[in-house]
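Read the structure below first, then the notes.
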Amino acid sequence: MAHAKEAEIFNRDESKVNWHDKALWFVRNKRDKAGSNVKGWEELRNLASAIKANVLSNLDNYLVQFEENAKKNGVHVHWAANAEEHNKIVHSILSKHKVEKVVKSKSMLTEECHLNPYLEANGIEVVDTDLGERIVQLAKEPPSHIVLPAIHKTKEEVDVLFQEHLNTKPSNGDPQYLTSEARKHLREKFLKADAAITGVNFAVADTGGVVVCTNEGNADMGTHLAKVHIACMGMEKIIPQEKHLGVFLRLLARSATGQLITTYSSHFNKPAPGTEMHIVIVDNGRTKQLSRDDFRASLHCIRCGACMNTCPIYRRSGGHSYKTTIPGPIGSILSPGIDLKKNSSLPFASTLCGSCSDVCPVKINIHEQLYQWRQIITKEVKQPVVKKSVLKITGRVLANSKMYGFMGKSARFMLKHMPRFMIYSKLNAWGKARELPKVKDGNFDEWYKKRQKNE
Ligand code: SF4
């Protein structure tokens, strides 16, 4: 289904939509405040963008350097061309160690590769340990946001969910009670896990180490207790040197949640004595995106979620309406690159207001890339006949001032005199959720001429 149709489902519950909208706007405001307190914030964004551009231009070299250094540290490095290879590699490591229970900290890459169902089908229990991720896992839903995976759920819904799965008492959505119960439940899982899987926020080429950022310390808890640590990363996660972390860690926390620093920025450089550490580097369409001049900058993304928090469409349509692992503005650039036809409605799920580009810490020209995709999609993907004809006619009307004036006059007449049921019919998508503005007597041109005459 197209994004607009999926968004209709989310929009059925208006109070939830309003609450979702407000909650994300609150995070966006926190981001603004946190950013404005940093001297040279814009310079920091420019620097991050330049570092990422350098990384993409020399990705082959940095990846090889990273692999060499990681191996020197005693880490096993694996390469996966696609999701299938990634899942097989992870499974083979787990099988070698006879692992039955895995704890996993938040990783959008493993979501993208659908690792959980793959491992579960092979008899391995996978428990997501980020609280939001655990909530959506129990609800058998995908995350709806890359930083706040359960942002679409109210605390009352979580209460019911926990009663069902964790045997908690009804608490009327008391966050403190629910969090402490989740902590107890997850502690058990951490203690029994044979292996820990984490994502990677940054992979440092000159040290061969990886950095994982969490607010709950769940990545550390998992990796420190289990004998095997598997870190899964997209190949664009590389940064050249350790000193560059100072740039990205500052930007990431502030842009994501308005925090000054993520609570835990954990550095994993080598396995602890008696344990094994593996890093799986995944392509899965990234090289193809790198080859597209107009879209390669989308690989700068550090997955902060700021473009989602600010996007008026995302805030009022919910992450699930995108039907992709990465929703929102950046997801609407990445997904058409994976399957153009299936995701062809996504670049249109935008007002092109540019707010996403304004907040992006690595200065991706998101709205321009969305516009670019639209031009490709209208040429390469068959458009609905009605949409095509309406746009053709609109194009002609807008190109001819006389026709534009005539159409405006007719529309004003009809809006004034036609019965309401005809104006707010199925054909009027705009009027489905809002009242049309009151019609004025004349257009701007007429008003201006009259004003000139009276002066
Ligand atoms: S595109 Fe920019 S704003 Fe959006 S998630 Fe990525 S880094 Fe953050």
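The values are calculated or read from the model by the stated rules, or taken from the named source; none is laboratory data. Keep in mind it's a predicted model, so treat the numbers as computed, not measured. Using ideal geometry, Cβ is built from the backbone for each residue, glycine included, and neighbour counts are taken over all protein chains shown.
Listed values, structure above:
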item	result
Leading residue by the ranking (nearest to the chain's Cα centre (by Cα)) among those in segment 279-299 that are more than 16 Å from the ligand (Cβ to nearest atom) and surrounded by 22 or more Cβ atoms within 10 Å (Cβ to Cβ)	Val282
Matching residues in segment 383-426 - criterion: being within 21 Å of Ser345 (Cα to Cα) and touching a helix residue (DSSP H, G or I) at 6+ places or on another chain (Cβ under 9 Å)	Gln383, Lys388, Leu391, Lys426
Pair list, Cβ under 9 Å, 6 or more apart: segment 244-269 residue touching a residue at least 60 places away in the same chain (Cβ under 8 Å) and not assigned by TED's automatic domain parsing to the domain that holds Lys71, other residue hydroxyl-bearing (Ser, Thr, Tyr) and surrounded by fewer than 19 Cβ atoms within 10 Å (Cβ to Cβ)	none
Selection within segment 356-378 - under 24 Å from Leu249 (Cβ atoms) and surrounded by 16 or more Cβ atoms within 10 Å (Cβ to Cβ)	Cys356, Ser357, Val359, Cys360, Pro361, Val362, Lys363, Ile364, Asn365, Ile366
Search result, residues across segment 272-295 that are among the charged types (D, E, K, R), touching a strand residue (DSSP E or B) at 6+ places or on another chain (Cβ under 9 Å) and free of Cβ contacts under 8 Å to residues at least 60 places away in the same chain	Arg286
Val55 vs. criteria surrounded by fewer than 20 Cβ atoms within 10 Å (Cβ to Cβ) and among the β-branched types (Val, Ile, Thr)	no
Conditions (1) aromatic (Phe, Trp, Tyr); (2) within 18 Å of Leu245 (Cβ to Cβ); (3) touching a residue at least 12 places away in the same chain (Cβ under 8 Å); number of the one not met by Trp79	(2)
Test set (1) in contact with a strand residue (DSSP E or B) (Cβ under 7 Å, 6 or more places away or on another chain); (2) surrounded by 24 or more Cβ atoms within 10 Å (Cβ to Cβ); (3) more than 22 Å from Ala34 (Cβ to Cβ); (4) not charged (D, E, K, R) - Leu252 fails condition number	(3)
Boolean, Lys363 is within 16 Å of the ligand (Cβ to nearest atom) and basic (Lys, Arg)	yes
Out of Arg315, Arg374, sole residue that is within 15 Å of the ligand (Cβ to nearest atom), basic (Lys, Arg), in contact (Cβ under 8 Å) with a residue 24 or more places away in the chain and not assigned by TED's automatic domain parsing to the domain that holds Gly234	Arg315
Members of segment 322-341 that are in a loop (DSSP other than H, G, I, E, B), away from the ligand (no atom under 13 Å from the Cβ) and either crowded, with 20+ Cβ neighbours inside 10 Å or on the phi > 0 side of the Ramachandran plot (or both)	Lys323, Thr324
Yes/no for Lys88 being of a type in the set (Lys, Arg) and in contact with a helix residue (DSSP H, G or I) (Cβ under 9 Å, 6 or more places away or on another chain)	yes
Members of segment 300-316 that are crowded, with 24+ Cβ neighbours inside 10 Å and at positive phi	Gly305
Single residue of segment 233-252 satisfying the filter (more than 12 Å from the ligand (Cβ to nearest atom) and aliphatic (A, V, I, L, M)) that is nearest to the chain's Cα centre (by Cα)	Met233
Qualifying residues in segment 342-360 (those that are closer than 13 Å to Ala7 by Cα and in a helix (DSSP H, G or I)) - the one farthest from the ligand (Cβ to nearest atom)	Phe348
Test: residue in segment 96-107 that is in contact with a Cys (Cβ under 8 Å, 6 or more places away or on another chain), over 14 Å from Ile238 (Cα atoms) and either modelled with pLDDT under 95 or crowded, with 19+ Cβ neighbours inside 10 Å (or both)	yes
Search result, residues across segment 146-175 that are within 16 Å of the ligand (Cβ to nearest atom) and farther than 23 Å from Val90 by Cβ	Val147, Leu148, Ile151
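Yes or no, residue by residue, for (1) β-branched (Val, Ile, Thr); (2) within 16 Å of the ligand (Cβ to nearest atom):
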| residue | (1), (2) |
| --- | --- |
| Lys71 | no, no |
| Val77 | yes, no |
| Ala81 | no, no |
| His86 | no, no |
| Glu111 | no, yes |
| Pro117 | no, no |
| Gly123 | no, no |
| Leu131 | no, no |
| Ser144 | no, yes |
